[in-house]
Amino acid sequence: MLVSRGNSRRIRIRKALAGFFMLLLTAAVCGCGKQEHVETEPEEAAQAEKLISVAFSEVGAESDWRVANSESMRTTFTEENGYEFYFEDAKGKQDNQITALRNYIVQGVDYIVLDPVVETGWDEVLQEAKDAGIPVIVVDRMVDVDADELYTAWVGSDFEKEGETAVEWLDSFLKEQGREDERISILHVMGTQGASAQLGRTEGLEKGVEAHDNWELVGQVQGEFTQAKAYEVVAEVLLETQDIDVIYCENDDSAFGAIQALEEAGLTYGTDGDVIIISLDATEAGLTACMEGKINMNVECNPMHGPRVEKIIQQIEAGEIPEKNYYVEETYFTAETLTEELIASRGY
């Protein structure tokens, strides 16, 4: 199936060229003066056939990370690089993504790239893509399907490991402060329910809390990966209790919302404050806030997936079978490890 995409494209090219020569032969026999017009169309058709069509369904534009991920795709799959690129913003709704995928299937694109809103509910539409012979490459968030054969490859982050990295840092940080035996109250600002990042980062934190008898989750609220929603839910919690030692935010935009709520409540935070802020994603804005001491620690989640997806596509075009799952190597940052030059060099 993997090689058939390239074969089918070559078949289409041969058919176009065959049609072209038949038209030339007809024009010569009939002696009509339309040969010049006929010559240009197959050339244009053949040129279009050389472009690999890639269709991308993005979750939305709810965060800086998401915007960077979309831009990475746009700048990779250009005509100059040999691609015809289609893009659809799902605005955070799975139904929109399923509709977009079905439209791509009808159009007969060469490849579908999917960044799924949630993990479940993809079996039917992915089966339709498989039946049409269109490889589906999943990025960032994962899909939970009955058969792995419904998608060709996945590339993204190990979200549970990201959560574990944050927990390990918090454990070490508290020991450095001599607070390893103190009761530590943690407010957890969760991302979009059912998304891979939410599930993995939540799992990493909850395992850490279970491993520490003195750590307590005083609340788990839905921040939906947006600053506005995170501000709203954290502000509500602070009306009930201000006994919070740590706020664990599942992305930078949520951290900014939590910071806004803390400031309005008159509470201090960050490296010089009372509330420890942990964030994930490490966007430019998030790392800048970390360098300034507003966020204590930020776990990297690299959104530059365009070149990684292109590598997979080129492997398939060459008749190779790519790895099924590709995890991106990532790290974490604190104020001590950041500089303006480092942040600027990352590109997102």
message = Considering only the stretch 285-306, I want to know if a residue exists there that is among the polar types (S, T, N, Q), part of a strand (DSSP E or B), under 21 Å from Gly156 (Cα atoms) and free of Cβ contacts under 8 Å to residues at least 60 places away in the same chain.
response = yes
inquiry  = Please go through the stretch 256-270 and give me each residue that is open to solvent by 10 Å² or more (accessible area, probe 1.4 Å) and either aliphatic (A, V, I, L, M) or farther than 26 Å from Pro303 by Cβ (or both), ordered by number.
reply    = Ile259, Glu263, Glu264, Ala265, Gly266, Leu267, Thr268
remark   = Selection from the stretch 117-136 of residues assigned to a strand (DSSP E or B) and over 21 Å from Glu84 (Cα atoms) yields none
query = Looking at Gly163, Gly200, which one is in contact (Cβ under 8 Å) with a residue 40 or more places away in the chain, assigned to a helix (DSSP H, G or I) and in contact with a Phe, Trp or Tyr (Cβ under 6 Å, 6 or more places away or on another chain)?
reply = Gly200
query = For Leu280, all conditions in the list (1) free of Cβ contacts under 8 Å to residues at least 24 places away in the same chain; (2) crowded, with 22+ Cβ neighbours inside 10 Å hold save one; what is the number of the exception?
reply = (1)
Set Ile184, Ile112: member being out of contact with any Pro (no Cβ under 8 Å at 6 or more places or on another chain), at pLDDT 95 or above and not aromatic (Phe, Trp, Tyr) = Ile184
query = Restricting attention to the stretch 98-106, does a residue exist that is among the hydroxyl-bearing types (Ser, Thr, Tyr) and more than 30 Å from Asn298 (Cβ to Cβ)?
reply = yes
message = Which condition from (1) open to solvent by 10 Å² or more (accessible area, probe 1.4 Å); (2) modelled with pLDDT of 95 or more is the one that Gln198 breaks?
response = (1)
ask   = What are the residues in the stretch 126-139 that are more than 16 Å from Glu88 (Cα to Cα) and either among the hydrophobic types (A, V, I, L, M, F, W, C) or touching a residue at least 60 places away in the same chain (Cβ under 8 Å) (or both), if any?
value = Leu126, Ala129, Lys130, Ala132, Gly133, Ile134, Pro135
request  = Please list, ordered by first then second residue, the pairs with beta carbon atoms under 8 Å, 6 or more apart or interchain, first in the stretch 88-116 and within 12 Å of Pro135 (Cα to Cα) and in a loop (DSSP other than H, G, I, E, B), second open to solvent by less than 40 Å² (accessible area, probe 1.4 Å) and at pLDDT below 95.
outcome  = Asp110/Arg5; Asp110/Arg9
key: Condition check for Leu217: under 20 Å from Phe173 (Cβ atoms), assigned to a strand (DSSP E or B), free of Cβ contacts under 8 Å to residues at least 60 places away in the same chain and of a type outside the set (Ser, Thr, Tyr)   = yes
remark   = Scanning the stretch 220-236 for residues that are open to solvent by 20 Å² or more (accessible area, probe 1.4 Å) and part of a helix (DSSP H, G or I) gives Gln227, Ala228, Lys229, Tyr231, Glu232, Ala235, Glu236
ask   = In the stretch 61-79, what count of residues is obtained for those that are open to solvent by 70 Å² or more (accessible area, probe 1.4 Å), among the β-branched types (Val, Ile, Thr) and either closer than 16 Å to Gln314 by Cα or in contact (Cβ under 8 Å) with a residue 40 or more places away in the chain (or both)?
value = 1
query = Got a sec? Which of Glu320, Glu310 is part of a loop (DSSP other than H, G, I, E, B) and among the acidic types (Asp, Glu)?
reply = Glu320
ask   = Would you call Leu174 surrounded by 14 or more Cβ atoms within 10 Å (Cβ to Cβ) and in a strand (DSSP E or B)?
value = no
inquiry  = Of all residues being within 18 Å of the chain's Cα centre (by Cα) and acidic (Asp, Glu) in the stretch 324-340, which is modelled with the lowest pLDDT? Just the residue, please.
reply    = Glu329
inquiry  = For the stretch 80-96, give me the residue count where each residue is of a type in the set (Asp, Glu), within 17 Å of the chain's Cα centre (by Cα) and surrounded by fewer than 16 Cβ atoms within 10 Å (Cβ to Cβ).
reply    = 0
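The values are calculated or read from the model by the stated rules, or taken from the named source; none is laboratory data. For clarity, every value in this text was computed on a predicted model and none was experimentally measured. Cβ sites come from the backbone with ideal geometry, for glycine too, and all protein chains shown count toward neighbours. Please note that ligands, DNA and RNA were not included when accessible areas were found on the heavy atoms of the full protein model with its side chains. Shrake-Rupley method; radii C 1.70, N 1.55, O 1.52, S 1.80 Å.
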